[in-house]
Amino acid sequence: PRNEKVVNCLYPNPNAIFRLICFPWAGSGSTYFAKWGQKIHGSLEVHSIRLAGRENRSDEQVPSDMYQVADEIACALLPVLQDKPFAFFGHSLGSYIAFMTALRLKENHKLEPVHFFVSSTSAPHSKFRPRIPEGKEMTEEEICNLLVSAGFTTKNFVDEELFQLHVPILLADLYMANAYFFDTPSEAVLSCDLSCFIGSEDQAVKDLEAWKDVTSGSFYMHKLPGGHFYVMEPTNETFIMNYITKCLELSTLS
Ligand SMILES: CCCCCCCCCCCC(=O)SCCNC(=O)CCNC(=O)[C@H](O)C(C)(C)COP(=O)(O)OP(=O)(O)OC[C@H]1O[C@@H](n2cnc3c(N)ncnc32)[C@H](O)[C@@H]1OP(=O)(O)O
């Protein structure tokens, strides 16, 4: 079915109390976070978002418009989110997609996550968000070099064959992120609690604190050792999964 193409649940858990919806970074498929379903506490069921153009959606055009992506995901998530409280977790580009999806669900369906988890991303309205320089056609190689120098990825990873195979998808995702603007909200657009995570050595993300402008809920920030992909470090991953579980369990007490 269509929804299962967009929302990947590798480890269904009918006894779960909460659902965690994960949104991957630029250039990535759904598999990395879908595997969290096997590692996370039994009170959670994990779903991971799969954008068009990858995995079993490789026959579809890679998206270029964040608003259309959010509409598609909100639609696909509707049947998934009906009966249990849920949270969103987005890493890097995934945080923007998660944010726009949350806005769509709130505006159109009055559904909101219990907690919104953001990782390795400047706030959507931050003036410090890195952009691809305008006015000059850039080659794939130049954009990859820019990503490395901005601190989004490492030269070693860029040189790997696996990375090179996925460069066209990565570039399309980056242009989509680059074209995405969000005005500073005059008032909070969400009301859930929001937690931000960042790697202590992450040079690419400058303005994490500004995420607090988007919600009237509580705001928390956590620095963990590592760079833009600190989340791949097993101890950090365990910290995040445990933290998410704690936040969701505590939410049932209030
Ligand atoms: C200034 C300009 C402004 C630009 C404009 C502004 C843009 C700002 C917003 C965008 C910010 C971003 O998102 S920046 C993110 C940039 N993206 C990247 O650098 C990553 C590009 N591609 C990927 O991550 C892809 O997922 C691939 C290449 C790994 C292929 O995907 P896949 O085939 O689905 O494989 P997957 O299972 O996910 O991963 C396979 C193996 O690779 C590892 N792996 C995956 N990603 C990484 C990684 N980043 N670093 C190291 N290792 C990794 C996994 O742990 C796994 O290891 P094992 O289990 O096999 O051991």
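The values are calculated or read from the model by the stated rules, or taken from the named source; none is laboratory data. Remember, it's a predicted structure, so these values are computed and weren't measured experimentally. Cβ: placed from backbone, ideal geometry, glycine included. Neighbour counts: every protein chain shown.
Some values worked out for this structure:
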{"read-out": "Selected residue (criterion: surrounded by the fewest Cβ atoms within 10 Å (Cβ to Cβ)) from residues of segment 106-120 that are under 17 Å from residue 48 (Cβ atoms) and more than 12 Å from the ligand (Cβ to nearest atom)", "value": "116"}
{"read-out": "Test for residue 215: is it over 16 Å from the mean Cα position of the chain (by Cα) and buried (at least 19 other Cβ atoms within 10 Å of the Cβ)", "value": "yes"}
{"read-out": "Total residues in segment 149-159, condition more than 21 Å from residue 54 (Cβ to Cβ) and crowded, with 16+ Cβ neighbours inside 10 Å", "value": "1"}
{"read-out": "Criterion: among the charged types (D, E, K, R), in contact (Cβ under 8 Å) with a residue 24 or more places away in the chain and part of a helix (DSSP H, G or I) - qualifying residue of 201, 209, 142", "value": "209"}
{"read-out": "Selection status of residue 162, near the ligand (Cβ under 8 Å from one of its atoms), loosely packed, with under 15 Cβ neighbours inside 10 Å, of a type in the set (A, V, I, L, M, F, W, C) and more than 23 Å from residue 102 (Cβ to Cβ)", "value": "yes"}
{"read-out": "Matching residues in segment 121-144 - criterion: being near the ligand (Cβ under 8 Å from one of its atoms) and not polar (S, T, N, Q)", "value": "129, 130, 131, 132, 143"}
{"read-out": "Top-ranked residue of segment 14-64 - restricted to ones that are surrounded by 16 or more Cβ atoms within 10 Å (Cβ to Cβ) and polar (S, T, N, Q), ranked as farthest from the ligand (Cβ to nearest atom)", "value": "48"}
{"read-out": "Residue within segment 181-194 that is in a loop (DSSP other than H, G, I, E, B), more than 9 Å from the ligand (Cβ to nearest atom), among the aliphatic types (A, V, I, L, M) and touching a residue at least 40 places away in the same chain (Cβ under 8 Å) present", "value": "yes"}
{"read-out": "From the options 243, 220, residue that is touching a residue at least 24 places away in the same chain (Cβ under 8 Å) and either assigned to a helix (DSSP H, G or I) or closer than 24 Å to residue 153 by Cβ (or both)", "value": "243"}
{"read-out": "Residue in segment 47-55 that is within 19 Å of residue 82 (Cβ to Cβ) and over 14 Å from the mean Cα position of the chain (by Cα) present", "value": "no"}
{"read-out": "Hits in segment 145-155 (condition: within 8 Å of the ligand (Cβ to nearest atom), over 20 Å from the mean Cα position of the chain (by Cα) and polar (S, T, N, Q))", "value": "149"}
{"read-out": "Any hit, segment 98-117, residues being at pLDDT 95 or above, closer than 22 Å to residue 29 by Cα and either part of a loop (DSSP other than H, G, I, E, B) or over 21 Å from the mean Cα position of the chain (by Cα) (or both)", "value": "no"}
